[in-house]
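To start, the structure itself, in structure tokens.
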Amino acid sequence: MGAPRRRVRGAESDILMDTTNLPIPIGTTVMIEHAGETMEEMYVNMGPQHPSTHGVLRLLLKLDGEVITDCIPYIGYLHRCHEKIAENRTYPQVVPYTDRLDYLASMSMNFGYVLTVERLMGQQVPARAEHMRVILAELQRIASHLLWLGTFGLDLGNFTIFIYCFREREMILDLFEAVSGQRLNYSFYRIGGMAFDFPDGWLDNCRAFLEWFKPRIPEYDALVTDNILFQKRIQGIGVIDAKSAVDWGLSGPMLRASGLKWDLRRNDPYSIYDRFDFAIPVFDTCDVWARFLVRRQEMLESVKIIEQALDQLPSGEITAKMPKTIKPPAGQVYVRTESPRGELGFYLVSDGTPKPYRYKVRSPAFCNLSALPVMMKGCLVADSVAILGSIDIVLGEIDR
Amino acid sequence: MTPDEILEQLKQKFGDALSGTEVKGVEVRLTTAAVNGRPVCELLRDLGFEYLNCLSGADWTTHLEVVYNLSSLRHPHKAHLRVRVDRDHPVVRSVSDLWRAADWHERECFDLFGVQFDGHPDHRRILLPEDWVGYPLRKDYADERLVPYTDYGMEEKVAKTEAAKGAPKAAKAEPPKPLSKNNVTGEIPGTA
């Protein structure tokens, strides 16, 4: 009980305000008559410290017996006002902070940010750097989806897939470590190019990994996709139809699982994505099962993109000639990229000084999570973990 | 419909209420006052912008601003709408019934900028605790725990390089003479 982050401590503020507004205390039941039927109403707290909320997320569930009738997410436990910090740093100094947004896809976060600043400056990037960016971002997508698949299996009680996925993810992290010296927060993208070139022999290692990775998907299929228990567990739950998905601003795999063929790499191409040939997986059952299939398929598509980028990789410079102090001209821009979780947008306002005047992150998981109550209503308590897992949230990015 | 036609339609309906109108590639950019925020949004929604990408605030010290980034999944057009809000009475009509995505975005904007969204279904803080005092992203936000960022030694360094640019290059200091190989005692020559 209590809220340790509160500024004003006292008898009143020790009780969470929203909890005091509830008609009955958390954890107690009350029988109510509704349309001639007796309902057993109860409020249950899920989190903030709960193994399957993937971080510190609190869900207040309103139950009727086993059925969820309402769900209120409470976020902000990881809030550090990233946007205020960025306003007090110079443009290149913000790059390491973007790593900490979505710590499972740091490369994609760096990518989005440097692209925004470059768009504001009208800066071109050398071809080799563009290819490096795509290769690393797509490897990151595979790593992120692997971690999602592993922990999703863990949520559903399928522990084996977790071990398999982490084995492959480890190899990608080794590749990243060889490139940037870091395993999680890379800060490898620079405004105008990349920090370093690929080390010797890295390209062969990358190709060897892709060759090794491709036959792993059938292996996962044998473990989970073809597993009838796994299928029955996630089919038909967490449904959100295409119209609501657009209305709620869902993006990425969540939108594609609702039957909409929408991928920013194809529909609003940035960097050099228009040069590659890849498919956009779409499934229209709108449920957790569809989201699983979309991400499974996306890993294979990313492999295709990386292979093409490796084949086309030109030699040459990896950084454009940049001024010593980066001062974008006054103006504002909103740039969106496709991160593993969906549309990652950066809204940047420059006043011509070396520091951003206003900097806002449109986090994909933030919007995807806001639609959770829609997906949860009418589901069983046991399914809540599967539905939450299917959104693929990273609290570092939601709370910022 | 081209972005120019979209802008034409908006101008027809709102006329002088719009300012800073411009078409940048596929993006329509416009600025308007708080009272027109909601009607412009309604028209944009009818013109096919069914996806709200981002809703953010900005503090321009003289006034606040709510910025809407809209797009469509059917055509490539984008809209960038800036709504000026009075700093002392920051109230705009909520658009959370036009785009449900605005729900949390507006709560965030209220949380960090203090803009009130009239008609919002669940007007609470979202990221900060409910009894937090002040709105952190305003430029004049003060907090005794806020430690200003210091570029440790950076200013001196810059001043030094600036000074060095003008001043003639200082003569290179002579490197100390190496000790003679025969000097096994370690005595410094010339001191004895």
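The values are calculated or read from the model by the stated rules, or taken from the named source; none is laboratory data. Keep in mind it's a predicted model, so treat the numbers as computed, not measured. We place every Cβ from the backbone using ideal geometry, glycine too, and count neighbours over all the protein chains shown.
Which condition does B:V92 not pass, out of (1) at pLDDT below 90; (2) more than 14 Å from chain A (Cβ to nearest Cβ), if it passes all the others?
That leaves (1) as the condition not met.
Filter region A:350-388 down to residues that are surrounded by fewer than 22 Cβ atoms within 10 Å (Cβ to Cβ), of a type in the set (A, V, I, L, M, F, W, C) and more than 20 Å from A:L104 (Cβ to Cβ) and give me whichever is nearest to the other protein chains (Cβ to nearest Cβ).
A:V374
Look through A:L147, A:L139, A:L175 and report the one residue that is touching a Cys at 6+ places or on another chain (Cβ under 9 Å) and under 16 Å from A:R296 (Cβ atoms).
Answer to the check: A:L147.
Please determine whether any residue of region A:167-188 is among the β-branched types (V, I, T), free of Cβ contacts under 8 Å to residues at least 40 places away in the same chain and touching a helix residue (DSSP H, G or I) at 6+ places or on another chain (Cβ under 8 Å).
Yes, region A:167-188 contains a residue that is among the β-branched types (V, I, T), free of Cβ contacts under 8 Å to residues at least 40 places away in the same chain and touching a helix residue (DSSP H, G or I) at 6+ places or on another chain (Cβ under 8 Å).
For region A:33-51, name all the residues that are at pLDDT below 75 and crowded, with 17+ Cβ neighbours inside 10 Å.
Residue satisfying the conditions is A:G47 alone.
Could you tell me whether any residue of region B:37-51 is more than 25 Å from B:G15 (Cα to Cα) and not in a strand (DSSP E or B)?
Scanning region B:37-51 turns up no residue that is more than 25 Å from B:G15 (Cα to Cα) and not in a strand (DSSP E or B).
If B:S71 meets every condition in (1) of a type in the set (G, A, S); (2) more than 15 Å from the chain's Cα centre (by Cα); (3) within 11 Å of chain A (Cβ to nearest Cβ); (4) farther than 20 Å from A:S244 by Cβ apart from one, which number is that one?
(4) is the only condition that B:S71 fails.
Taking region A:277-316 only, how many residues are among the β-branched types (V, I, T) and surrounded by fewer than 17 Cβ atoms within 10 Å (Cβ to Cβ)?
Total meeting the criteria: 2.
Do you know which residues across region A:200-249 are exposed (fewer than 11 other Cβ atoms within 10 Å of the Cβ) and either within 14 Å of chain B (Cβ to nearest Cβ) or assigned to a loop (DSSP other than H, G, I, E, B) (or both)?
A:D200, A:G201, A:P215
Does region B:9-21 include one or more residues that are in contact with a Leu (Cβ under 7 Å, 6 or more places away or on another chain), surrounded by 18 or more Cβ atoms within 10 Å (Cβ to Cβ) and touching a residue at least 40 places away in the same chain (Cβ under 8 Å)?
Taking every residue of region B:9-21 in turn, none turns out to be in contact with a Leu (Cβ under 7 Å, 6 or more places away or on another chain), surrounded by 18 or more Cβ atoms within 10 Å (Cβ to Cβ) and touching a residue at least 40 places away in the same chain (Cβ under 8 Å).
Being closer than 30 Å to A:D200 by Cα and within 14 Å of chain B (Cβ to nearest Cβ) is the filter here; which residues of region A:312-336 pass it?
Answer for region A:312-336, where residues must be closer than 30 Å to A:D200 by Cα and within 14 Å of chain B (Cβ to nearest Cβ): just A:K324.
So, of the residues in region B:1-53 that are among the basic types (K, R) and more than 30 Å from A:L255 (Cα to Cα), which turns out to be farthest from the other protein chains (Cβ to nearest Cβ)?
Only one residue fits best here, namely B:K13.
Right, B:L112: part of a helix (DSSP H, G or I), at pLDDT 90 or above, crowded, with 23+ Cβ neighbours inside 10 Å and facing chain A (nearest Cβ under 9 Å) or not?
Judged against the criteria, B:L112 is a match.
Anything in region B:96-109 that is surrounded by 22 or more Cβ atoms within 10 Å (Cβ to Cβ) and among the aliphatic types (A, V, I, L, M)? List them, or say none.
B:A101, B:A102
In region A:158-175, is there at least one residue being in contact with a Ser or Thr (Cβ under 7 Å, 6 or more places away or on another chain) and β-branched (V, I, T)?
no
Which numbered condition in (1) facing another protein chain (nearest Cβ under 8 Å); (2) within 18 Å of B:T61 (Cα to Cα); (3) in a loop (DSSP other than H, G, I, E, B) is the only one that B:A142 fails?
(1)
Please go through region A:58-97 and pick out each residue that is in contact with a helix residue (DSSP H, G or I) (Cβ under 8 Å, 6 or more places away or on another chain), part of a helix (DSSP H, G or I) and touching a residue at least 24 places away in the same chain (Cβ under 8 Å).
A:H82, A:E83, A:A86, A:Y91, A:V94, A:V95
Return yes when A:V394 is more than 14 Å from chain B (Cβ to nearest Cβ), closer than 30 Å to A:P199 by Cβ and in contact with a helix residue (DSSP H, G or I) (Cβ under 6 Å, 6 or more places away or on another chain) and no when it is not.
yes
Quick one: which of A:R167, A:R128, A:R141 is surrounded by fewer than 19 Cβ atoms within 10 Å (Cβ to Cβ) and out of contact with any strand residue (DSSP E or B) (no Cβ under 7 Å at 6 or more places or on another chain)?
A:R167
Residue by residue, here is whether (1) surrounded by fewer than 23 Cβ atoms within 10 Å (Cβ to Cβ); (2) of a type in the set (K, R); (3) over 23 Å from A:L255 (Cα atoms) holds:
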site	(1), (2), (3)
B:R74	yes, yes, no
B:R82	yes, yes, yes
B:H89	yes, no, yes
B:S94	yes, no, yes
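Could you say which residue among A:S339, A:S350 is in contact (Cβ under 8 Å) with a residue 60 or more places away in the chain, touching an Asp or Glu at 6+ places or on another chain (Cβ under 7 Å) and small (G, A, S)?
A:S339
Scan region B:74-89 for residues that are more than 20 Å from A:V246 (Cβ to Cβ), more than 9 Å from chain A (Cβ to nearest Cβ) and under 20 Å from the mean Cα position of the chain (by Cα) and jot them down.
Across region B:74-89, the qualifying residues are B:V83, B:R84, B:V85, B:D86, B:R87.
So which residues in region A:101-125 are in contact with a Gly (Cβ under 8 Å, 6 or more places away or on another chain) and surrounded by fewer than 18 Cβ atoms within 10 Å (Cβ to Cβ)?
A:Y103
So which residues in region A:267-293 are outside any loop (DSSP other than H, G, I, E, B) and away from chain B (no Cβ under 12 Å), if there are any at all?
Within region A:267-293, A:Y273, A:D274, A:R275, A:V288, A:W289, A:A290, A:R291, A:F292, A:L293 meet the criteria.
If you scan region B:115-126, which residues turn out to be in contact with a helix residue (DSSP H, G or I) (Cβ under 8 Å, 6 or more places away or on another chain) and not in a loop (DSSP other than H, G, I, E, B)?
Across region B:115-126, the qualifying residues are B:Q116, B:F117.
Looking only at region A:162-195, filter to residues that are assigned to a helix (DSSP H, G or I) and basic (K, R); which one of those is farthest from A:R100 (Cα to Cα)?
The extreme case among them is A:R167.
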